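What follows is calculated from the coordinates using simple rules that are stated; it is not laboratory data. Treat the numbers as computed from the prediction; the structure is a model and nothing was measured. Backbone-built Cβ (ideal geometry, glycine too); neighbour counts: all protein chains shown.
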Amino acid sequence: MGDCTESMLIETAKIYCPYCGENIEIIVDGSIEQQNYTEDCSVCCRPMELSISVTGEEISITARRDDE
Ligand SMILES: [Zn+2]
């Protein structure tokens with residue numbers, strides 16, 4: 001009936017902001033193996049470049065400054 005039965009693998013992960021050093025929580029789609037995107041820090045609002053790789057149940061995240 002056209003229902004969307006795809007299960008979303010939404011995970012939360014903690015990272016340290018490369019600007020202000022605050023520990024912040026981000027939402028990661030665990031069904032995508034490799035992702036790169038920019039997200040604003042929820043504390044200092046500066047853009048972090050996130051590089052996320054998902055291997056099985058392990059998620060590794062690198063947060064870089066966008067101004068280097
Ligand atoms: Zn920050």
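Put a dot 7 Å past the Cα of T12, heading toward its Cβ, do the same for E57, and the two dots end up 1.9 nm apart. With K and R counted +1 and D and E -1, the other residues having a Cβ less than 14 Å from that of L50 yield a net charge of -3. Net charge of the neighbourhood of C41, taken over other residues with C-beta under 14 Å away and scored Lys/Arg +1, Asp/Glu -1, is -3.
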